[in-house]
Each structure stands twice: as C-alpha cells, then as structure tokens.
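The structure under discussion appears below in the form of structure tokens.
The values are calculated or read from the model by the stated rules, or taken from the named source; none is laboratory data. Model, not experiment: these values are computed from the prediction. Positions of Cβ are generated from backbone atoms using ideal geometry, with glycine treated the same way; all protein chains shown enter the neighbour counts.
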Amino acid sequence: MSAIRLLVLGAVRQHGRAHGYQVRNDLEFWGAHEWSNAKPGSIYHALKQMAKQGLLRVHEIAPSTAGGPPRTEYEMTDAGQEEFLRLLREALTAWDEKLDVLSSGVGFIVALERAEAVALLKERVRGMEGWRSSVTEYYTPEEGPESLGHIGEIMNLWVASADFGAEWTQGLIRRIEGGAYTFAGEGEPQITVLEQGEENPYATGAAHPGDRE
C-alpha cells in the first residue's frame, strides 16, 4: 500500500475540515516529507483523487479580501472514515511493507481502541515470526551467512530485520498494555496539527495557488 492516502486522510480527519495547504503543512510538521512520498504534488493529487472517489467531500470557500481564487476545503465522508480505518489496520499488520507505511500507521494508532491496537500489533509479530521461520528453512543463523556464500548475507539481513521488527513491536505492545497514550474512547485524543495561521518551522515552500487564505 501507499502511505500517502493514509497520511492525507488522517490529516484531514484530525482537522475535521482542511484545505490542501493545511494538509501539506501538517505532514511537513510531522516530518512525513522526509520519510515518505508525501511531497506537495502527491498530496494535492491524493486529495483530488479521493474527492473523486467519494472519500472526501469538497467545499469551495470564497477567497479572502486579499483576492485570489476560491479555496478548496476537504472533509472526510463516511466512506473516507472506513477507508482510513482500513488503511490504518493494514499499516499496523503488514510486516512486509516499507517503513513509511508502518510509520504512518503508528502516527494514527490512537484513532483505534487500545485493545484493537494491541491485537493488530500482535498479528504483526506473528507475521514477522512466520517470515523468519520460512527464511530459516534454508538458512541457519547459528552457522553464519558464510555457510551459503555471499548470498547468505541476504538471508542474514532478513532474519535480523525480522528479529528487530518483532522486538520493536513487542516493546510497543508492552507500553500500550501498560497504559501509555490516550486511545479512542478513553478521553481527549492527542492531536498534533498546526493552528490556522501558525508558522510551520519545517515548511519547504509557499502555499498552493488554490489554497489562498
């Protein structure tokens, strides 16, 4: 899966209603432009595509007194909420995806109930353990990668990745089970978005022409 749809839907969801520059600003504030494909062109394309697909509702807002074109704001539909949760659950369980997918999932994990988040992460661990087992049918870590020639280094990388991934995920599970963070249904959720007009210290460029204040 691509992380960009989850990131964009999640950003709109946290605002309730947002224009494209707000979404871009939030993703840059989270550093997503560094660890994912959340670049300006991809963000605006995702917004327009998901609006066409009925996942986002479009609102045309009159331009400000400074002039310029109308500003387009986006609001999540019921179908968009379902897609957001589907992508979030997939991101937390899909052990064979790129790191940006997991990072996106962890960024929105508190949108789920605590018990479900733990269950999804445990499913992730089982997937990684199964992958490790399939690798070690052909490669014995105790014998070292040299036993298979330089190709053994690939197997060694896979086993090390599975071990680290499972260890990291189990650590997160322990913290969540220990009461860390505020999950859905437990109180006021933690929302990290920039307020209207708040300066973004990580911004990389000017506003999109269609998103004038």
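The number of residues in the stretch 15-45 that are within 22 Å of residue 93 (Cβ to Cβ) and not in a loop (DSSP other than H, G, I, E, B) comes to 2. On the basis of being under 11 Å from the mean Cα position of the chain (by Cα) and buried (at least 20 other Cβ atoms within 10 Å of the Cβ), does residue 32 make the cut? Yes: the conditions hold for residue 32. Annotation note: Cβ proximity below 9 Å between a residue of the stretch 114-136 that is over 28 Å from residue 185 (Cβ atoms) and a residue that is outside any helix (DSSP H, G or I) and at pLDDT below 95 (sequence gap 6+ or interchain) occurs for 128/95; 128/96; 130/95; 131/95; 131/96. Restricting 136, 140 to residues that are at pLDDT below 95, surrounded by 15 or more Cβ atoms within 10 Å (Cβ to Cβ) and either over 17 Å from residue 86 (Cβ atoms) or in contact with a Ser or Thr (Cβ under 9 Å, 6 or more places away or on another chain) (or both) narrows the list to 136.
Residue count for the stretch 46-55, restricted to those that are surrounded by 21 or more Cβ atoms within 10 Å (Cβ to Cβ) and within 25 Å of residue 93 (Cβ to Cβ): 3.
Within the stretch 124-152, track down each residue that is more than 23 Å from residue 99 (Cβ to Cβ) and among the aliphatic types (A, V, I, L, M). Scanning the stretch 124-152 gives 148, 151.
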